[in-house]
Each structure stands twice: as C-alpha cells, then as structure tokens.
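Notes follow once the structure below has been shown.
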Amino acid sequence: MLTFESNVINGVPVEVRIIPNTNKDVRPGYAMTPKYVTAHETDNTDAGANADAHAKFLYNQAVGTTSRVACWHITVDENKAIQHIPFDENAWAAGDGGNGTGNRQSIHMELCVNAGGNFEKTKDNAARIAAYLLNRFNIPVSTNFVQHNKWSGKNCPSTIRATGAWPALVAKVQEYQKGVVKMAATYVRTGGYAGDALKEVHGLLLQKNWGYTPARKSDGTLEFTVGGFTSDAPSQAALAELEQFLVGHKYWYDKFTV
C-alpha cells in the first residue's frame with residue numbers, strides 16, 4: 001500500500017486518510033502502476049467545501065451505500081492535501097470506462113474551489129504535490145501530467161481551463177520538481193485491537209491527526225500503520241509520543257523505514 005512518505009510533502013502538509021475497502025464503487029481496489037497524474041477540480045463552490053469536507057464525503061460513501069461510482073486519490077486545498085486511496089490502487093475518476101487508461105493507470109488529484117478559499121494557493125499546493133508524484137513514480141510531466149479533459153472530454157479542471165492557467169501550472173510543477181527531495185520515513189505498525197483498546201488507540205490517532213492506514217486482521221481485530229515520520233523535529237516528537245503511549249499501555253508494535 002503506497003501512501004505519502006512524510007507528513008509534509010514539498011512544503012505542503014499532508015494527511016493519509018485511506019477509506020475502507022468495503023464499497024468497490026468508491027475504492028475499487030485494482031492494482032495499479034501509476035503512469036499519469038490527472039488534475040481535476042471539485043466544482044463544489046460551497047463555503048467550507050475544502051479537503052476535509054471531501055475526505056468526509058468519500059469516507060461516508062465508502063462505509064454507506066451509494067449508486068455513485070466515483071472516487072479519487074487526493075484532495076488539495078489552500079492548507080493541505082489529503083490522500084484517500086493508495087497510489088498503487090486505481091480510482092474511478094477519469095470517465096473513460098472500467099478498463100480505460102485514465103481509470104486504470106492514473107493518480108487523480110482534485111483541487112478544491114470552495115467559496116472563500118484561496119484558489120491560487122490551492123493551485124500552488126497542487127503543483128507541489130504533482131511534482132512529488134511525478135518524481136516518485138518517474139512520470140514525465142510534459143506528456144503524462146494531464147487534465148481530466150484528456151480522458152473523457154469533460155470540461156475539467158474548468159476554472160483552470162477557462163482562465164488559460166494550465167501552461168503556468170505545468171511550468172510551476174516543473175520548477176518544483178527540481179526541488180523535490182525524497183525523505184526517508186518511519187512507520188509504526190501496531191497490533192490488532194478490539195473493544196475499548198480499539199477506541200482508545202483510534203481516538204488518539206484522530207486527536208493527534210496522524211496519518212494512518214487501518215487493516216482488518218484474520219481474527220477480526222483492527223491494526224494500524226501510522227506515519228510516516230521523517231527526521232524533522234515535529235515528526236520525531238510525534239513519533240516519540242506515539243511510542244510512549246504504546247509502551248505505557250503495553251501494546252505491541254514495530255517500526256520500519258522506507
């Protein structure tokens with residue numbers, strides 16, 4: 001399961017909130033080797049329709065019932081980026097069919113356009129995240145950083161297209177590619193929890209806003225992979241706090257670095 005490698009990517013705070021794999025219309029789960037990065041806009045101009053709001057929307061779709069077959073990997077706003085689907089799984093976002101190249105070979109990134117938001121900052125954050133993804137997966141920016149329009153003809157990202165801002169966005173991505181440095185990240189894998197222990201551990205992760213990925217074990221308990229924690233002081237302090245909590249409660253865990 002491939003996720004962001006640290007809590008800050010190219011200067012952008014990021015969170016990993018992988019949605020449950022209980023609804024194939026929202027997290028299809030097909031294995032993917034990313035060959036494209038596709039830019040979208042949410043087209044949701046409501047006040048408050050930021051990355052957090054869209055993360056909650058996707059989560060609710062994933063755990064509920066929906067006739068809407070749609071999902072994406074990342075939502076970006078003026079403050080942060082949130083990952084919803086692993087980078088090595090596909091998403092239904094391109095509109096080019098179940099076996100279409102866009103739906104099966106691209107990471108999809110939604111830019112928020114909510115009223116009261118700073119869209120210029122959102123675009124800048126998106127450029128930074130795109131630069132990271134292109135470098136990480138060796139994807140050529142000139143041909144394979146694309147608009148949603150490429151896959152289905154939809155007028156998306158509509159604001160960027162209407163204002164002729166695409167060339168400037170691509171140029172900004174190229175500039176940020178020069179400064180991307182891949183940082184080693186440490187992850188903590190917990191044991192399996194149920195009942196009060198699960199509530200306590202999950203509550204801590206939510207309270208601290210640490211990125212985590214849950215996984216159901218064969219015995220029905222839930223384990224978490226938390227991170228990644230990089231070498232910067234805030235990350236190291238967070239890692240120490242998590243370890244202190246686990247040791248204090250005599251909970252098993254291990255660590256690995258990638």
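The values are calculated or read from the model by the stated rules, or taken from the named source; none is laboratory data. Every value quoted in this text rests on a predicted model; they were computed, and no experiment measured them. Quick reminder, even Gly has a Cβ in these numbers, built from the backbone with ideal geometry, and neighbours come from all protein chains shown.
Just a few scattered comments:
- Selection count where residues are without any contact (Cβ under 8 Å) to a residue 40 or more places away in the chain, surrounded by 13 or more Cβ atoms within 10 Å (Cβ to Cβ) and not small (Gly, Ala, Ser), scope the stretch 214-224: 5
- Checking Val37 against (1) under 27 Å from Gly179 (Cα atoms); (2) not in a strand (DSSP E or B), the condition it does not meet: (2)
- Of everything listed in (1) within 21 Å of the chain's Cα centre (by Cα); (2) more than 30 Å from Asn99 (Cβ to Cβ), the single unmet condition for Arg216 is (2).
- Checking each residue in the stretch 134-144 for being in contact with a Lys or Arg (Cβ under 9 Å, 6 or more places away or on another chain) and either aromatic (Phe, Trp, Tyr) or part of a helix (DSSP H, G or I) (or both) picks out Asn135, Arg136, Phe137, Asn144.
- Among residues of the stretch 95-118 that are over 30 Å from Gly48 (Cβ atoms), those with a beta-carbon under 9 Å from a residue that is modelled with pLDDT of 95 or more and part of a strand (DSSP E or B) at least six positions away or on a different chain give the pairs Thr101/Tyr36; Gln105/Tyr36.
- Out of Gly228, Gly195, one residue alone is without any contact (Cβ under 8 Å) to a residue 24 or more places away in the chain, closer than 24 Å to Asn21 by Cα and among the small types (Gly, Ala, Ser). It is Gly195.
- Residue list for the stretch 91-133, filter: assigned to a loop (DSSP other than H, G, I, E, B) and among the aromatic types (Phe, Trp, Tyr): Trp92
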